[in-house]
Every structure is written in structure tokens, then in C-alpha cells.
Amino acid sequence: MFIRSKIILGAVTLILAVPAFAQVARPESVRVRGTLEKADSTSLSVRTREGATTQIALTEKTAYSGVKRLELSDIGPNSYVGVAGRPMGDGNVEALEVLVFPEAARGTGEGQRPWDLLPGSNMTNATVTAVVSSTSGHDLDVNFQGKTVKISVPSTAPIVTLTPAAVNDAVPGLAVVVTALQDASGKLTATRVVLEKNGVKPPM
């Protein structure tokens, strides 16, 4: 009876451990920002903003985008934006950059979460409900998941949108922001590569 109980207990422990192991082993999404040093059809070599050289694998599923500069006047009610910013004490945000999503990408990552553009920064993906002039520039009222937040956009904050790009556009010397999955061994595999285009660097 004692042996049987030990066997059952061991089986239960194993069953409970499997989901935990699967959770630990799940690839982590990371961002690599820097300058492209080398590129071919299977990998990128990026000199990161921290000064290290990082190798990133490419697959047939890797997506590519360029960036195009916009003006604040290009943003209106119902624009869907992604804003990297500094949280303010009142719950609102000061923008570090504003990405205006193409209509086909509306709803991408809706919500607010920590971001790694600068220490303590966050990302707000939301729908603009109003654009209001202010003494410091312009304020965007945005809504996500039923919550309204005011985004203060200084005149120094870059405003861009995404444009089509392809693997052939990835040439050495360009500024890049790569979203990649990192597995347990540390290997990085790119899911999206955002490239400098016509001198406009990805600010996110």
C-alpha cells in the first residue's frame, strides 16, 4: 500500500511539473535595437545600442517593415497608435515616440505594458479619441480596453508609421529594431525587423 501511494504521489508530482516546465521553456519575446552589421537570407548581425554584437536567426515567417515620418496633424480621432512614453504621476503619459499603425494592424497589442526604450518607460497601444492643443505641444486622448489616458506629445517626439519592406532591404549600416523570440539556450529568432528607411530611423 505504501509503495502504491509513493507511485501515485510520484505520478501526480510529474503531472504537475510538466505545465511548470513548459511555462519556463516558453520562448521569451525580446527587442534588439542597434545598427545592422551583416545580413543574409538566414541571419542578421546587429551591433546593439549597448555595444555588443548579436546574431539573430531569420525564418520564412520573419516580417519586415520600414518607417516613414509623419506629422502630428496626420493623427486624428480613431487613429490607432502605439506610444512609448514616460508614465506621469497622474496616470497619464509623456510620449517618447508615436507609431501610427496602418489600418490593417488596428488592434495590435491593445493595452498598456512596461517597455524597454528607456528605463521605466511603457507602451500604450490604443485608439485616439481626441487631439487637443496644449502649452507643451499637443495632447492625445486615447482609449484602450475601456480606459482613457492622456498622452502629452512634445515637439521633440518622433512620429512615424510603418511601410512595406523585404529581406533585401536589410543592408549593413541601417538602424534596426528587431523583435525576436529567445529560447532557453539564448538563441534569438526574429519575428519582425523594422528598418531605417530614407534616413528615418525606427524610434520605438
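Here is how the numbers come out for the structure above:
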read-out: Complete set of residues in the stretch 78-109 that are more than 17 Å from the chain's Cα centre (by Cα) and assigned to a loop (DSSP other than H, G, I, E, B); value: 78, 79, 88, 89, 90, 91, 92
read-out: Residues located in the stretch 43-59, provided they are in a loop (DSSP other than H, G, I, E, B) and exposed (fewer than 14 other Cβ atoms within 10 Å of the Cβ); value: 49, 50, 51, 52, 59
read-out: Residue satisfying all of: in the stretch 112-157; free of Cβ contacts under 8 Å to residues at least 24 places away in the same chain and under 16 Å from residue 79 (Cβ atoms); nearest to the chain's Cα centre (by Cα) among these; value: 143
read-out: Search result, residues across the stretch 130-156 that are β-branched (Val, Ile, Thr), in a strand (DSSP E or B) and loosely packed, with under 14 Cβ neighbours inside 10 Å; value: 132, 148
read-out: Failed condition for residue 185, given (1) modelled with pLDDT of 95 or more; (2) over 22 Å from residue 95 (Cα atoms); value: (1)
read-out: Flag if residue 18 is at pLDDT 90 or above and either more than 18 Å from the chain's Cα centre (by Cα) or surrounded by 10 or more Cβ atoms within 10 Å (Cβ to Cβ) (or both); value: no
read-out: Residues (closer than 13 Å to residue 159 by Cβ and surrounded by 18 or more Cβ atoms within 10 Å (Cβ to Cβ)) located in the stretch 76-88; value: 79, 81, 82, 83, 84, 85
read-out: Scan of the stretch 72-106 for residues that are of a type in the set (Ser, Thr, Tyr) and more than 14 Å from residue 141 (Cα to Cα), ordered by number; value: 73
read-out: Subset of the stretch 138-165 that is within 17 Å of residue 88 (Cα to Cα) and touching a helix residue (DSSP H, G or I) at 6+ places or on another chain (Cβ under 8 Å) - its residue that is modelled with the lowest pLDDT; value: 138
read-out: Test for residue 172: is it in the same structural domain as residue 53 (by TED's automatic domain parsing), not β-branched (Val, Ile, Thr) and not in a strand (DSSP E or B); value: yes
read-out: Of all residues in the stretch 89-112 being loosely packed, with under 12 Cβ neighbours inside 10 Å and more than 25 Å from residue 181 (Cβ to Cβ), the one that is modelled with the highest pLDDT; value: 103
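The values are calculated or read from the model by the stated rules, or taken from the named source; none is laboratory data. In this text the structure is predicted, and so the values were computed from the model without any measurement. Reconstructed Cβ throughout: ideal geometry from the backbone, glycine too, with neighbour counts over all protein chains shown.
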